[in-house]
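Participant: The structure is given below, and queries will be raised subsequently.
The values are calculated or read from the model by the stated rules, or taken from the named source; none is laboratory data. Only a predicted model underlies this, so the values are computations on that prediction, with no experimental measurement involved. Neighbour counts run over all protein chains shown; Cβ positions are idealised from the backbone, glycine included. Just so you know, the surface numbers come from the protein's heavy atoms only, side chains and all, with ligands and any DNA or RNA stripped out. Shrake-Rupley method; radii C 1.70, N 1.55, O 1.52, S 1.80 Å.
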Amino acid sequence: MSRRVRVIPGRVYAMSRRTSHRFFLFTPNTPRIRQAFWYCLAYCADKHGIEIHAAVLMSTHIHLVFTDVRGNRPIFKQEFHRLFALCVKRIRGWSEDVFNKYSDGEHELLNANATLDAIAYLIANPASAFAVRYAKDWPGAQTSPRDLGRRVVVATKPDVFFDPQNDKWPERVELRFSLPTLLDNYSPSEVRQEVSRGVRELEKDAIRDARELGHRFRGQRRVQSCHHTQRATQRERSGERKPRFASGGDVQAAQQALRELREFETAYADALIRWRSGEYDVVFPYGTWWMRVHHGVSCAPFP
């Protein structure tokens, strides 16, 4: 069955993916997990033309903010998750699924405010999840406000899964944290200042929520002592709609994005009906990915 995934080069996204049954498979109690995460992310981002702006590896999930420069988002996500999962299986001696098949959350960031909010949310996630009181204390792979636009992570090839005799896998890879073009109106120092401000506010919110709910921050020692066979016990909210966009409060931008998406889905549905009836020269709308990549259909040019 075709998937109605719209892929447009140059768009910015916030993405998350959690472990199967919320097992603590990514617990930062061994540097091998952090090494595998950075290596797989850097390798796949370079291969598929993805610019990484911020990333954090929590005990049960991943958060990324990135730009899909060449329009390869689906294949980037597929390969990155597969390679990292295979590494985690070897490191943990895990025979079951690593990622939940239905937890791939992703939304497009439409403007600068939405992008700043998404990056601040990502960086503050260790505090918001009551793992550590301040995000900077998270012992796993993370991004800090000072990293934005200038940090370079150098990762060496993990000693699991990757064949040391296969030249396909480089010994070292580099991951550069760039700034998205949506923030071109800000200087790099202004971006870092704005994100720092957002992180501090989210940390204050987490401290207040912990006090009101009676939660305790686990702290570095308890985080690292958690065994990967344990599961998160905090109740998940179900039935919530997953957003397709974030507009940073700009209602007009959100409405325009929604109109464009509806037009795409209408045109896609019409083209698919005609293609299935044997009209193989039908033109699918710009942004079609699955049918273009897997069936070679014609697509309209950029509108």
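Participant: Mind sorting out which of [x] 153; [y] 120; [z] 129 is the real volume of the Cα convex hull per residue in Å³ computed from the coordinates?
Facilitator: Checking each listed value against the structure points to [x].
Participant: If the limit is 32 Å between Cα atoms, which of K136/K168; K157/K204; K136/K157 go over it?
Facilitator: Table pairs above 32 Å Cα-Cα are K136/K168; K157/K204.
Participant: Another question, if that's okay. Sort C40, C299 by heavy-atom solvent-accessible area, probe 1.4 angstrom, most to least.
Facilitator: C299, C40
Participant: Share of segment 197-303's accessible area from carbon and sulfur, percent, 1.4 Å?
Facilitator: Working: 3830 of 8020 Å².
Taking all protein chains in place, segment 197-303 shows 48 percent carbon and sulfur surface.
Participant: At a 1.4 Å probe, what is the % contribution of carbon and sulfur to the accessible area of segment 17-108?
Facilitator: Values: 1500 of 3200 Å².
C and S fraction of accessible area: 47 percent.
Participant: How would segment 1-113 be classified by its alpha-carbon gyration tensor: rounded, prolate or oblate, with rounded meaning a/c under 1.5 and the a/b versus b/c comparison settling the rest?
Facilitator: Prolate.
Participant: Lys/Arg Cβ at +1, Asp/Glu Cβ at -1, dipole of the chain taken about the Cα centre: which of C44, P126, Q234 is farthest positive-ward?
Facilitator: Q234
Participant: Treating the angle as unsigned and between 0 and 90°, give the value, to the nearest 10°, between the Cα long axis of helix 31-48 and the longest Cα principal axis of the chain.
Facilitator: 20 degrees
Participant: Rounded to the nearest 500 deg cm²/dmol, what is the calculated helix-only ellipticity per residue at 222 nm for the chain, with -39500 (n - 2.57) per DSSP H run of length n ≥ 4?
Facilitator: That calculation yields -13500 deg cm²/dmol at 222 nm.
Participant: Rounded to the nearest 5, what % of the DSSP beta bridges within the chain are antiparallel ones?
Facilitator: Values: 28 of 32 bridges.
DSSP beta bridges in the chain are roughly 90 percent antiparallel.
Participant: Right, another one. Pairwise over distinct Cα atoms, reciprocal of the mean inverse distance: report the Kirkwood radius of segment 149-303 in Å, one decimal place.
Facilitator: Here the Kirkwood hydrodynamic radius works out to 22.2 Å.
Participant: Does segment 76-121 classify as rounded, prolate or oblate by the C-alpha gyration tensor (a ≥ b ≥ c root eigenvalues; a/c under 1.5 gives rounded; else a/b over b/c gives prolate, otherwise oblate)?
Facilitator: It comes out prolate by the Cα gyration axes.
Participant: Classify segment 1-53 from the C-alpha gyration tensor, please: rounded if a/c falls under 1.5, else prolate or oblate depending on whether a/b exceeds b/c. List each step's numbers first, then the result.
Facilitator: Numbers: a/c = 2.65, a/b = 1.47, b/c = 1.80.
Oblate shape, in that a/c is at least 1.5 and b/c is the bigger or equal ratio.
Participant: Treating the angle as unsigned and between 0 and 90°, give the value, to the nearest 10°, between the Cα long axis of helix 73-92 and the longest Cα principal axis of the chain.
Facilitator: 30 degrees
Participant: Along the charge dipole of the chain, pointing to its positive end and built from +1/-1 on Cβ of Lys, Arg, Asp and Glu, which listed residue (G214, W290, L175) has its Cα farthest out?
Facilitator: Checking the options against the dipole of the chain, the answer is G214.
Participant: Can you tell me the length gained on complete extension of the stretch V251 to E106, counting 0.36 nm per residue apart and subtracting the Cα distance?
Facilitator: In short, 50.3 nm is gained.
Participant: Keeping every protein chain present and rolling a 1.4 Å probe, give me the accessible area per residue for segment 193-300 in Å².
Facilitator: Per-residue value: 73 Å².
Participant: For segment 149-247, which trypsin sites (Lys or Arg not before Pro) pass both filters: DSSP loop (anything but H, G, I, E, B) and at most 15 other C-beta atoms within 10 Å? Intermediate results must be reported in sequence, preceding the final value.
Facilitator: Numbers: sites: R150, R151, K168, R172, R176, R192, R197, R200, K204, R208, R211, R216, R218, R221, R222, R231, R235, R237, R241, R244; in loops: R150, R151, K168, R216, R218, R235, R237, R241, R244.
Sparse-neighbourhood loop trypsin sites (Lys or Arg not before Pro): R150, R151, K168, R216, R235, R237, R241, R244.
Participant: Please build a GNM for the chain, connecting alpha carbons under 10 Å apart, and tell me which residue among K101, K136, K157 fluctuates the most.
Facilitator: With Cα springs under 10 Å in the chain, the top fluctuation among K101, K136, K157 is at K101.
Participant: Could I ask something else about it? In whole angstrom, note down how far apart the Cα centers of segment 124-157 and segment 38-63 are.
Facilitator: 13 Å
Participant: At 1.4 Å probe size, with every protein chain present, just tell me what the per residue accessible area of segment 31-111 comes to in Å².
Facilitator: Per-residue accessible area for segment 31-111 comes out at 35 Å².
Participant: Let me ask something else about it. Assign unit charges at the C-beta atoms only (+1 for Lys and Arg, -1 for Asp and Glu), then state the dipole size of the chain relative to its Cα centre in Debye, rounded to the nearest 20.
Facilitator: Computed charge dipole of the chain: roughly 1080 debye.
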